[in-house]
Amino acid sequence: MYDLYHMAITLFDNSSLFWRYAVFQKINAKAFYDYSDSHKIYNTMILHIPHSKHVVPEGYRELFVLSDIALQKELLLLVDWYTDELFDGFDAVTFQYPRLLVDVERFPEDEDEPMSKVGMGMIYTRTSDGERLKRDLTVQEISVLISLYDSHHQALNDAVGHELETYGQAMLVDCHSFPSEPLRCDLNQKRPRPDFCIGTDAFHTPKDLADSLILKVQEWGYTVVENEPYEGTLVPSDYYQSNTNVRSIMIEVNRALYMDEHSGLKLESFSIIQLLIQELLFVIHQYSDRRLCR
Ligand SMILES: [Zn+2]
């Protein structure tokens, strides 16, 4: 199946990216979703998509002290817009609530989480500009938000556990996007920001994999920096710093490449960026597949 993919890419390398995308999608769907193959030797790869949702569900709106306009502005800044569409084609664990309610990418304890210093720990109390975000929450309300966090992490631990049990290894891809200009709350205020950021963890990210993704992005003519403007990659708590067979890498894409950051609308380049991200995912998948075949 992979040979067919490469043949298609080679044959149509000079055609439009959209054509290549169509070919990839067709083969991708067949190769990665046909679990009935008894001779299948490749493992799957789990995508973690924590920040793609922007709808505040009924019943949660009144936790926020912001006006509708201010809330929409904050969502525009903080949501990783369309990442559930950009990162597609593999099994994904997607958080179904906006990060403004509870952020599953943060450490649960404030002393472990640097962003808690600006009111943006697991449960944000401040906006990205340092304004008040939520009213005082009751113990019951806080425990509901914590349960959303816990169930998401349980699903992630279970998905990784299933991969380990079945294949003896797991590959997690932490999928994000970031604003083209630093937010006031951001620890890293460097400008200009790169087009892509590859987040790594010394214990869980294979260096040769990170290097090959960086090289690929550079070959396309985009800028890329490892661990800037955001660093690290999420690893499920059950395996963090304890199991090297659980690998993880983060891909972050600059939103200016694919959306109008003021209106929230997609740009025409959206499909091209989607294609490039799919190719990065394919590189990661091939990497973990190769290790499995050794
Ligand atoms: Zn994110």
Legend entry - Hull-based mean projected area of region 117-172, where the convex hull spans the alpha carbons, in square nanometres: 5.3 nm²
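Given region 186-294, what whole percent of its Cα pairs are spread farther than 16 Å?
Details: 3706 of 5886 pairs.
Taking all Cα-Cα pairs of region 186-294, the fraction more than 16 Å apart is 63 percent.
At a Förster distance of 51 Å, what's the computed FRET efficiency of Q140 paired with V283, Cβ-Cβ distance as r, to 0.05?
In this case the efficiency is close to 0.65.
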Legend entry - Backbone N within region 93-112 under 14 Å of label point (7 Å from S237 Cα along the Cβ vector): 103-112
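To the nearest whole percent, what portion of all C-alpha pairs in region 41-293 is separated by more than 27 angstrom? It would help to have the intermediate numbers written out before the result.
Working: 11207 of 31878 pairs.
That fraction is 35 percent.
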Legend entry - Value of relative contact order over region 150-279, rounded to a whole percent, pairs C-alpha under 8 Å and six or more apart: 32 percent
Inset, instruction - Could you work out the Kirkwood radius for region 45-181, taking every pair of different alpha carbons, averaging 1/r and inverting it, reported in Å? - result: 15.9 Å
Inset, instruction - Would you mind giving the three semi-axes, in whole Å and largest first, of the ellipsoid equivalent to region 193-251 according to its Cα gyration tensor? - result: 23, 12, 7
Legend entry - Whole-angstrom gap from region 147-179 to region 184-252, using each part's C-alpha centre: 17 Å
Legend entry - Gain in span if fully extended, Q154 to A202, counting 0.36 nm per residue against the direct Cα distance: 14.9 nm
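Bear in mind that the values in this text are calculations on the coordinates, not laboratory data. None of the values given here were measured: they were computed from a predicted structure. Every residue, glycine among them, receives a Cβ derived from its backbone with ideal geometry; neighbour counts consider all protein chains shown.
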